[in-house]
Each structure stands twice: as C-alpha cells, then as structure tokens.
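Working notes for the structure below.
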DNA sequence: ATGGTGGGGGTCCCA
C-alpha cells in the first residue's frame, strides 16, 4: 500500500498536479494538507474520476483543510479532539484495510506559528506549541497499533532537517521549544519512517520557500513534512520517496510529496 | 539587515 502525504496549498488550483502525481506514482492513499476548500465545494467528483472515490475531508473557507483520499474503503475516525477548541480543520483520521490487517491513518496540519518565536509576543507561536502539547498528551493516553501519522507538522526536528541548523535556531520551525515538542510527540510510540531510510547525518528536505529565486540552486530547504509509523508496521515498511521533482512543476506547491510503501 | 513569493477572498488575511 502506497501512502502519499502532500501539503498541496490549494487543492482546487492544483488538481492537475494531483492527477500527474497519480499518473506517476499510483498511490493507494493520498493525504493532503492546506486544501483551502470548504466541504461543500470539495471536488468530490473530480477526485472520484481520478480513482479516489473514498474521501474523508475537513475543510473550511480560505485556510487550512485536510483530506484523505483512497482507492479502497475508508472508515472515518470521527471522535478526534477539536485541538485548542478552534474548529480549524487540521486533523483527519481514517482506517483502511491493509494487506495484512487494518491501518489507522492520522493526517495533520500543524499551525505554522507565525514569525516571532516568542509565546508572549506571538499568539500563533503559542498556539503552535499548545497544539503539539495537546496532541502529544492525546497520543500518550491512546496507545495505538498499526498506526501511521503523516502531514505537514511545520517543524524540522533534526539538525540536517534544515539547510543551516545554526542560522535557523531562532527561526520558527526549528526552535528548541518546537523540536523538543516534536520529539516528545514522536516518542509517544512512533518511528520516523523517513529517517528509517535516510541517516540523520544527511540533509533531507520537503519544503523550499517560494521566496527563493532558484530554489534548487540555493537549496535552503526544511523537512516540515513527516511520516511516522508504529513499531508494529516497521517490518512492512518497504520504501520511502521524497518526490522532489514536483517542486519544478508549473505553479507548484512549496511542499513536495512524500510516499511510503507498506507491503505485506 | 532586508525582503523576497504564493493562495484565498475580497481591498488583507495566512503561509
């Protein structure tokens, strides 16, 4: 089972890119973040025609929005908390039948956190830290089996998850309060499926700012997108790809997709 | 040290 995660930065604008991704990779499950489409306007039919009739989505007007698309049946997990009681469409979860048993998929879009890394000065940063704290506490008390967490977690936890550790220590996405919290969340019972394949002394990015004239040449990337799995799925983890080429497609997202293969 | 570029929905928010 091939599972893709992608911050698509507007689903409706980038439907053609999603079709191209589907053509090239043939995923079984696609988890999207920043769909930016309210549920009544969700492109249900277009995605069905693309081969994904099973859809779990949580969208709102203008911002945020997550979706899980699948070729096979999805059972939505509906009793997830409303993090920070904001009702802001940052988490969707569903169960799907895998080759050797059911898999539970949690798709997250963690708040970006604004520019100033100070909880008192910047409520967005405070919200980001509180969000991760709440999610961590929830996973500590819900010990899940055969579970995958994917999404734009908006934190690059390791030194080689950013182009310059030293220069980004005070930049939101790589500050110690954030990286410490992301590690605490991971350590509630998950394995970093990307770093399972790429050692932590190698640079690994999934996001390059729109503000770099030549993103590939400057290569000032960050690993903001993640795939985590519970240890009981490690034996069936057969591959991981960062689909870096999509960053050069016409009108790209600033994030690139990540795909894992969970075999039997 | 600064500003650089996108998407959404409307004349400014968010990333």
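Only the coordinates and a few stated rules stand behind these numbers; no lab work does. Note that the structure is predicted; figures quoted are calculated from it, not measured. Glycine also receives a Cβ, built like all others from the backbone with ideal geometry; neighbour counts cover every protein chain displayed.
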Spread of Cα-to-Cα distances over 5 Å intervals beginning at zero, given as percent, for region A:30-135: 2, 12, 20, 21, 18, 12, 8, 4, 2, 1
Most exposed to least, judged by fewest other Cβ atoms within 10 Å, A:1, A:240 sort to A:240, A:1
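Give me the one-decimal Kirkwood hydrodynamic radius in Å for region A:2-262, with the sum taken over alpha-carbon pairs. Don't jump to the answer; show the numbers that get you there.
Numbers: mean 1/r = 0.0544 Å⁻¹.
Kirkwood radius, region A:2-262: 18.4 Å.
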Inter-centroid distance (Cα atoms) of region A:142-167 relative to region A:102-139, Å: 12 Å
Most mobile of A:217, A:19, A:67 in a GNM of chain A (Cα contacts under 10 Å): A:217
For region A:118-264 the mean separation of alpha carbon contacts under 8 Å (6+ apart) over residue count, i.e. relative contact order in percent, is 26 percent
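Counting helices only, and only those DSSP H runs with n ≥ 4, report the 222 nm mean residue ellipticity of chain A as the sum of -39,500 (n - 2.57) divided by its residues, in deg cm²/dmol to the nearest 500.
Values: 6 runs with 56 residues, N = 264.
So the calculated ellipticity at 222 nm is -6000 deg cm²/dmol.
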How much length is gained if the chain between residue A:244 and residue A:116 is pulled fully straight, taking 0.36 nm per residue apart and subtracting their Cα-Cα distance, in nm to one decimal? 43.2 nm
Rank these for me by crowding, A:143, A:54, A:91, going from fewest to most other beta carbons within 10 Å. A:143, A:54, A:91
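Once the convex hull of the C-alpha atoms of region A:82-175 is built, how many Å³ does it hold per residue, rounded to a whole number?
Numbers: hull volume 11.0 nm³, N = 94.
It is 117 Å³ per residue.
Over chain A, what is the mean sequence separation of C-alpha contacts under 8 Å (at least six apart), divided by residue count, expressed as relative contact order in percent? Working shown, then result.
Details: 591 pairs, mean separation 48.6, N = 264.
Worked out over chain A, it gives 18 percent.
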